[in-house]
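Below is one structure, written out as structure tokens, with a few remarks after it.
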Amino acid sequence: MKRVILIPDSFKGTMESAEICAIMAEQIHRHFPRAETVSIPVADGGEGSVDAFLQAMGGEKVRCRTQNPFGEELDSFYGLVDQGQTAVIEMAASAGLPLVEDRLDPLRASTYGVGQLMLDAARRGVKKLIMGLGGSATNDGGCGAACAAGVRFLDAAGNTFVPTGGTLKDIARIDMTGLDKSLQDMEIVTMCDIDNPLYGPTGAAHVFGPQKGATPAVAEELDKGLLHLCQVMQRDTGKDVSALPGGGAAGGMGAGMAVFFDSALQMGIETVLDTVRFDRLLQGADMVFTGEGKIDGQSLRGKVVIGVARRARQANVPVVAIVGDIGDHVEPAYDEGVSAIFSINRVAVEYRQARPRAKSDLALTMDNLMRFLSRMEMA
């Protein structure tokens, strides 16, 4: 092998994507010392996404003062990649759960700081902005971020205010005319790997509200607020996001990104592949190694392994998936472009026992594969 691409997802709770890349690369170079390995750590848009893009592409981490979910000053950040042409923001950097510690309150939490990050990046002249959703403490439908970017929300008396989850019901009118022009002139892509709608039984408040501190009564209040917001959005902007898959992501931030910033919602792996120019990297590659904690029927919806395999198949490059566990009904993965699937669970134990030995098991699995491939090259 002369050129190998490494693009695994993290094994949740066990190994980060960058760790997996490093272990894979070490074993490849033991058996193929002249091989070139291209490592592309993958993030899903949540915490760690900026670092993953910077590790994959190089670039700069920009420090920025913003508000936290409760309006307090915060040292936040975002990333610049592609020679400063693309900004990568993880909303958790200004609106994440860890920032509120034991003060969980989705009725008061705001995404205002996320909008401040967006505005700072836009005023640097970037051409594209990637927004990662995930890990938020908020349920404001992205209204806070929109306010920071110049959108005005007015109550019945005509007063402007910054809506939070608990005051979405008070929005009487949305005025988009003040949206900062620098944000209007750029491409904005939102990484979103869930398909929950904005409101309803499977919406933002009822499904994700409890982890943000919402009791059943509070979740119902939040849900009614999101429904009201959706109705006002449709009336004042002409955009109906009531059935938008992913609209309920990050406390309704998915819907807010679509309405306020005209952003497309896209699977995280597709965003990663486009940003690192994966199709170009495939040219001249001999093999791709990808993987995830467990591959099963859910993986076929287009997560990392399948997203990678579909692109590699078009370039006729074989894809090997190294996974923690193999579930049932994975056979369709081979039709999508996966050449082989191997589990690192060498002694067939449950997760509690497998977790502490995962790194050494991954190394041994890769070592076995490299031994086989080196022998095949010699034959």
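The numbers here are math on the coordinates, done by the rules we state, and not lab data. A quick note: this is a predicted structure, and the numbers were derived from the prediction, not measured. Virtual Cβ from ideal backbone geometry, glycine too; neighbours counted across all protein chains shown.
Report, ordered by chain and residue number, the lysines lying within cross-link reach of Lys239, taken as a straight Cα distance under 23 Å and ignoring same-chain residues fewer than 8 apart.
Lys128, Lys169, Lys181, Lys224
Can you tally the net charge around Thr237? Count Lys and Arg as +1, Asp and Glu as -1, for every other residue whose Cβ sits under 14 Å from the Cβ of Thr237. Display every interim value, and only then the final one.
Details: positive: Arg152, Arg173, Arg235, Lys239; negative: Asp175, Asp236, Asp240, Asp262.
For residues surrounding Thr237, the net value is 0.
For a quick check, take a GNM of the chain with Cα springs below 10 Å and name the residue from Gly225, Gly150, Gly284 with the largest mean-square fluctuation.
Gly284
Once each part is reduced to its C-alpha centroid, what is the distance from region 19-58 to region 79-107 in angstrom?
Measuring centre to centre over Cα atoms gives 23 Å.
Starting from the 7 Å offset along Cα-to-Cβ, what nm value, one decimal, do you get for the label separation of Arg375 and Ala217?
6.8
Treating cross-link reach as a plain straight distance, find the lysines whose alpha-carbon is under 24 Å from the alpha-carbon of Lys12, omitting any fewer than eight places away in the same chain.
The reachable lysines, counting only those whose Cα sits under 24 Å from Lys12, are Lys212, Lys294, Lys303, Lys359.
Please report the net charge: other residues with Cβ closer than 12 Å to the Cβ of Cys192, K and R +1, D and E -1.
-4
Can you tell me which of Val320, Val349, Val330 moves the most in a GNM of the chain? Springs connect C-alpha atoms under 10 Å apart.
Maximum among the listed residues: Val349.
All other residues with a Cβ under 12 Å from the Cβ of Ala87 taken together, and with Lys, Arg as +1 and Asp, Glu as -1, what is their net charge?
Local charge sum for Ala87: 0.
Calculate for the chain the 222 nm mean residue ellipticity that helices alone would give, adding -39,500 (n - 2.57) per DSSP H run of length 4 or more and normalising by residue count, nearest 500 deg cm²/dmol. Write out the running numbers ahead of the final one.
Values: 15 runs with 140 residues, N = 379.
Mean residue ellipticity, 222 nm, calculated: -10500 deg cm²/dmol.
Could you work out which residue, out of Asn68, Asn345, Asn139, moves most in a Gaussian network model of the chain, that is, has the largest mean-square fluctuation with Cα springs under 10 Å?
Checking each option, the largest mean-square fluctuation is seen for Asn345.
Could you name the aspartates and glutamates whose alpha carbon sits less than 16 Å from that of Lys127, not counting residues in the same chain fewer than 8 places away?
Glu60, Asp82, Asp180, Asp185, Glu187, Asp262, Asp274
Report, to the nearest 10°, how far helix 216-237 tilts away from the longest principal axis of the Cα atoms in the chain, using its own Cα long axis and a range of 0 to 90°.
The angle comes out at about 80 degrees.
What's the FRET efficiency of Asn368 with Arg124 using the Cβ-Cβ distance as r and R₀ = 56 Å, to the nearest 0.05? Display every interim value, and only then the final one.
Working: r = 47 Å, r/R0 = 0.85.
According to the calculation, E is roughly 0.75.
Taking the alpha-carbon set of region 32-171, what are its Rg and Dmax in Å?
Reported Rg and Dmax, both Å: 17.0, 71.
When only DSSP loop residues count, what GluC sites (Glu not before Pro) in region 1-34 have their Cβ near at most 13 other Cβ atoms within 10 Å?
Filter output for region 1-34: empty list.
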